[in-house]
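Structure, as structure tokens:
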Amino acid sequence: MLQIEHFTKEYGSKVAVNDLSLEICSGEIFGFIGHNGAGKTTTIKAVAGILPFQKGEIRVDGISVRENPLECKKRLAYIPDNPDLYEFLTGIQYLNFIADIFQVPKREREERIGKYSDLFGLTGDLGSTVSTYSHGMKQKLALIGALIHEPKLLLMDEPFVGLDPKAAHDLKMIMTDICQKGGAIFFSTHVLEVAEKLCHKVAIIKEGKLAACGTMEEVKGNESLEQVFLELVDDEKS
Amino acid sequence: MRNLKILLAVKLRGALYAPGRRGKKASLGRKILMGFLFLYVIGVMMALFGATTAGLVSSLAPLGLSWMALAVGAFSSAALCFILTVFSMQSQIFQAKDGDLLLSLPVTPLQIAASRLLSLLLLEYAYNALVMIPTVGVYCYLVRPGLSFYPMLLVLLLALPLLPLSLAGAVGYLLAQVGRLLGRGKNIIMLLLTAAAFLVYLYFCMNLNSYITLLIQRGEELSHVFRKAMPPFYHFAIALEQGSFSSFLWAVLWGILPAGVLLWLVQKGFLDLRSTSGVKAVYRKKPLRVSCPWVAVCRKEGARLLSMPTYLFNCGIGALLMVAMAVMVVWKGTDALQALGAVPQIQELIAPALMAAMCFCAATTCTTSPSISLEGNRLWVLRSSPLSPRDVFLGKLAVNMILLLPAVAVSVILLAFSKGFSLLDLVLFFLVPSLLGLLIALFGLYANLLWPRLDYTSENAVVKQSASVMAASFGGMGAMLALSLCYWFLARKVMSYHVYCFCALVVLMVGCILLWRLILTKGAEEYEQL
């Protein structure tokens, strides 16, 4: 579903991500772990077609992000770590706007908006402008917007930040559901316990370079994911 | 005091922070260009106020009423300060985005309020200087006041902006309270209030000459009215002209007392407005409207335009002006047009003059010039969606034309009632301003793609002060002037007005096509790099 090959992103003289290669198959939940500034957000944004890049190749469902970004974007959904949404729109206007852009038919959009907004307990607030929403409500709205076109690949940057326990649980269920239907999920997180329980595969990125990658068992062995991660960070320090 | 200094320093640094493209510093050429434009605007305004003062002093001095020139200057300065501050009150104080952060720090609401008001006061001193430097300069040159005039002047100039600041604060507080109660309806209230204020201002400007004439003719009588109706400005002027200490005290008190009340109101409002919740709209499921992607962008942009009165009135002012002008022509100008039409030399200039006015209005309607910048940190929504740059640009352009075209159409229909114009005139009245408006909208969009400002702290700053908005404003006026001057000095001798309009239509059309192609190629590349 997602192939990242020798991806390198530079900001001036600073190399944010250096020669990163990953592959995420259909049905997989892939966790992306690293310290602050390691290059997680840069990678996710490049996959989402937001950040242009010069070196390497990224393919979504076999389509090159660089050569055919619109076709890739039709297949994926991206949720940033801090969902800045259009504050002048109401929740329902925002969702309808996203549905228009993804050209979701009328019946499907009404059905999905109803289903997910009921699930996240947001239905009653859809008439209010986004400016009145809390961080968690914005996060939920961004999630509903991302799910509205049933993406094959869901990209999420720190998706659990700001969500209440029920919403976090519901999101995990949705993630599992997407994978069972043949989709894939690529997300970054600092909550290692969640990654350990939820992910089929995990990659650890350190200063723009891939430090470890594989199935959860391959990466952590007999240790916990937290121990493995801390050992890798300590290696760097020493 | 230390906290106040820190807060004020941060606020001023934020106000002066103007990053160039993608956070880089602005180039020297751009700085020079912006500085030149800035100086031009300041020069024009100062010349205007200086000339008004000279006219008033020379007419009123023989009657012993030269103080009225100072009073009129003080009133004009206060009015300018009020108009330019009242909207900043909302964004800077009552709906400040950093309010929660500041309230969580070990600083008192009083210190926060004082730092905010001081930063606005410093801004008002700049506006005040625009009016009072030429007013006082011309007054001193013509009247030659004694030495005691100057120390008093210094104190009074420091106190003068306090009153408009207080009034703007009171109105801002009221609007914030009303907004809290009305929820989404507050934008409509703000729009109506801004429209009403604008029409009053327009009416005042149109009658400015008659007011000045009235002031000169009935100075004695009006001086009593001034004394009773506008005591702060009366005392300001009398203190300076006659050296009256009691008037001096009154003028200072008229500034300080309301400012004290405002300070109390703001520090109270900073907590109150945040601790009470507004009206919540409960959503009831209803059928959703389906649109194609570029129409969805257009609807989203329309919602943004209607949610920001400053955006609508800074970038859509021309459309409103055009309709107001057509109403004036039909309401008051039909007889005048018929009388002018009797003189053949003048008759042939009526349609070109009206065309120039309509083109001016169309050229000042440009919602596209800040539209890319206004995406700000929400740009990810468009960039991560399967939206081609063409759809984004088309949606933004459509909003501009949806605002402009009905205004042009209504104006043409109204002009049709004045019976002074042929069918061809009316068709050209529709086509030329519409195409010029489209050209400026395209230019504004391209300018914003070249000079985006995405890391702003206040949307008002983007709408009012960004490079692309200024480029579109001056570009629009330049295009209108070029068309007018070309007709007046060159084309008029070799072709008729109608033939010239057709030539202008062809030029505008070619310009639009070329700019659209440029936007779809170079502009799209710039968009992809944002």
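Hey, does the range B:335-351 have a residue that's crowded, with 22+ Cβ neighbours inside 10 Å, at pLDDT 80 or above and touching a helix residue (DSSP H, G or I) at 6+ places or on another chain (Cβ under 7 Å)?
Step one: of the range B:335-351, the residues crowded, with 22+ Cβ neighbours inside 10 Å are none.
Within the range B:335-351, none of the residues are crowded, with 22+ Cβ neighbours inside 10 Å, at pLDDT 80 or above and touching a helix residue (DSSP H, G or I) at 6+ places or on another chain (Cβ under 7 Å).
Only residues that are surrounded by fewer than 15 Cβ atoms within 10 Å (Cβ to Cβ), in contact (Cβ under 8 Å) with a residue 24 or more places away in the chain and within 14 Å of chain A (Cβ to nearest Cβ): list them for the range B:495-528, please. Listed by number, the list holds a single entry, B:E528. Checked against the criterion of being modelled with pLDDT under 85, more than 26 Å from B:M152 (Cβ to Cβ) and within 22 Å of the chain's Cα centre (by Cα), the candidates B:G29, B:G35, B:G20, B:G43 yield just one match: B:G35.
Just for strands (runs of 3 or more DSSP E) wholly inside the range A:163-237: which have at least 1 residues that are in contact (Cβ under 8 Å) with a residue 60 or more places away in the chain and among the β-branched types (V, I, T)?
Working: elements: A:184-188, A:201-206, A:209-215.
Ranges flagged: A:184-188, A:201-206.
Filtered by the rule that a residue be part of a loop (DSSP other than H, G, I, E, B) and either facing chain B (nearest Cβ under 8 Å) or closer than 25 Å to A:H169 by Cβ (or both), the range A:86-108 gives A:Y86, A:F88, A:L89, A:F102, A:Q103, A:P105.
Just one of the numbered conditions (1) under 13 Å from the mean Cα position of the chain (by Cα); (2) modelled with pLDDT under 90; (3) of a type in the set (G, A, S) is not true of A:A184: (2).
Being under 23 Å from the mean Cα position of the chain (by Cα), under 21 Å from A:L85 (Cα atoms), within 14 Å of chain A (Cβ to nearest Cβ) and at pLDDT 90 or above: is that true of B:L374 here?
Working: under 23 Å from the mean Cα position of the chain (by Cα): yes; under 21 Å from A:L85 (Cα atoms): yes; within 14 Å of chain A (Cβ to nearest Cβ): yes; at pLDDT 90 or above: yes.
For B:L374, the condition - under 23 Å from the mean Cα position of the chain (by Cα), under 21 Å from A:L85 (Cα atoms), within 14 Å of chain A (Cβ to nearest Cβ) and at pLDDT 90 or above - is met.
Checked against the criterion of being crowded, with 22+ Cβ neighbours inside 10 Å and more than 11 Å from every other protein chain (Cβ to nearest Cβ), the range A:156-170 has at least one qualifying residue.
Taking the criterion of being within 14 Å of the chain's Cα centre (by Cα) and hydroxyl-bearing (S, T, Y), the residues of the range A:15-47 that qualify are A:T41, A:T42, A:T43. Taken over the range B:385-398, the criterion of being within 13 Å of chain A (Cβ to nearest Cβ) and in contact with a Leu (Cβ under 8 Å, 6 or more places away or on another chain) is satisfied by B:P386, B:L387, B:S388, B:P389, B:R390, B:V392. Checking each residue in the range A:109-124 for being more than 8 Å from chain B (Cβ to nearest Cβ), out of contact with any Ser or Thr (no Cβ under 7 Å at 6 or more places or on another chain), part of a helix (DSSP H, G or I) and in contact (Cβ under 8 Å) with a residue 24 or more places away in the chain picks out A:R112, A:Y116, A:L119.
Quick one: would you say A:I101 is crowded, with 21+ Cβ neighbours inside 10 Å and either within 18 Å of the chain's Cα centre (by Cα) or on the phi > 0 side of the Ramachandran plot (or both)? Criteria not met by A:I101.
The values are calculated or read from the model by the stated rules, or taken from the named source; none is laboratory data. Model, not experiment: these values are computed from the prediction. Cβ sites come from the backbone with ideal geometry, for glycine too, and all protein chains shown count toward neighbours.
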